[in-house]
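The values are calculated or read from the model by the stated rules, or taken from the named source; none is laboratory data. These numbers come from a predicted model, not from an experiment. Note: ideal-geometry Cβ built from the backbone for every residue, glycine included; neighbour counts use all protein chains shown. Just the protein is used for accessible areas: all its heavy atoms, side chains included, with ligands, DNA and RNA removed. Shrake-Rupley method; radii C 1.70, N 1.55, O 1.52, S 1.80 Å.
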Amino acid sequence: FFCHSFVSAQSIKEDVFGLNGQIEHKLAFLRKHVPRDTNLLLIGHSIGCYIILEMMKRDPELLELDKKAVMLFPTIERMACSPQGKVMTPVLCRLRYAFYLPIFLLSLFPERLKVSIVRLALRNFYAVDTSIIPATVSLINVECAANGMYMVSQEMRLVVERDNATVRQHLSKLIFYYGATDHWCPVQYYRDIRKDFPEGDIRLCERGIRHAFVLDAGEEMANMTAEWIFDD
């Protein structure tokens, strides 16, 4: 299922839309715009959790945290081996180009029609957050879609082993929150990390919140996260 790549390490580093390029972009932003003595609070979701761990490893002094770093539904290991990864890896690595033309054609539709299509696609969600509709419509763009699918194809290849050394180094500052029905990081991944780090703050969702919580549980997730942070 894995994507094969023959590019050099230097070209990967300069690949701004790839996974490594995005990690370096976040570090560069902090170095340029955030004073070193700033107390940072980091909240990651999905691949954002992997990015946070990588940032901590690459520049631990820059990311010396005063408060917790919250990892929501963390895809930090074995992405291609997850139930969703097994389906999406061949699609993203071999077939993603087939999606460019339909996305381009959709992007030509009038804005009102694109809004209707998005609403139709989200009709099965019980309590969809209507604020996501304009954001979703803005993603009907072939360049955005191509860059997104390209980065995810790299994630399938590069996110393999959990970085236990970095997790152990910062464990007292990390909160992990796993989904009970998450097909990107299944419950077995939660059990494995709990076994490896029994002293860590590693939680399993009991509220039935989905991986893509922004669709219908964004406010609930935000309130929970705020409680964890302020209780620290």
(request) Search the range 20-33 for residues that are closer than 16 Å to S153 by Cβ and pair each with any residue that is open to solvent by 90 Å² or more (accessible area, probe 1.4 Å) and of a type in the set (D, E, K, R) when their beta-carbon atoms are under 8 Å apart and the residues are at least 6 apart or on different chains. (result) N20/K13; G21/K13; G21/E14
(request) Please find, among T136, T130, the residue that is surrounded by fewer than 15 Cβ atoms within 10 Å (Cβ to Cβ) and farther than 30 Å from M56 by Cβ. (result) T130
(message) Quick check on this structure: which one of V152, V142 is closer than 19 Å to C81 by Cβ and among the β-branched types (V, I, T)?
(response) V152
(message) Go through the range 96-155 and report how many residues are free of Cβ contacts under 8 Å to residues at least 40 places away in the same chain and not in a loop (DSSP other than H, G, I, E, B).
(response) 28
(request) Considering (1) open to solvent by 10 Å² or more (accessible area, probe 1.4 Å); (2) at pLDDT 95 or above; (3) of a type outside the set (K, R); (4) under 16 Å from the mean Cα position of the chain (by Cα), say which one L215 fails and leave the rest. (result) (2)
(request) Check K68 against each of (1) closer than 15 Å to N39 by Cα; (2) outside the structural domain of F176 (by the TED database) and name the one condition it does not meet. (result) (2)
(request) Among what's in the range 139-164 and is under 15 Å from R96 (Cα atoms) and among the acidic types (D, E), pick the residue that is most open to solvent (accessible area, probe 1.4 Å). (result) E143
(message) Need the failing condition index for A180 against (1) surrounded by 15 or more Cβ atoms within 10 Å (Cβ to Cβ); (2) of a type in the set (G, A, S); (3) in contact (Cβ under 8 Å) with a residue 12 or more places away in the chain, just the number.
(response) (1)
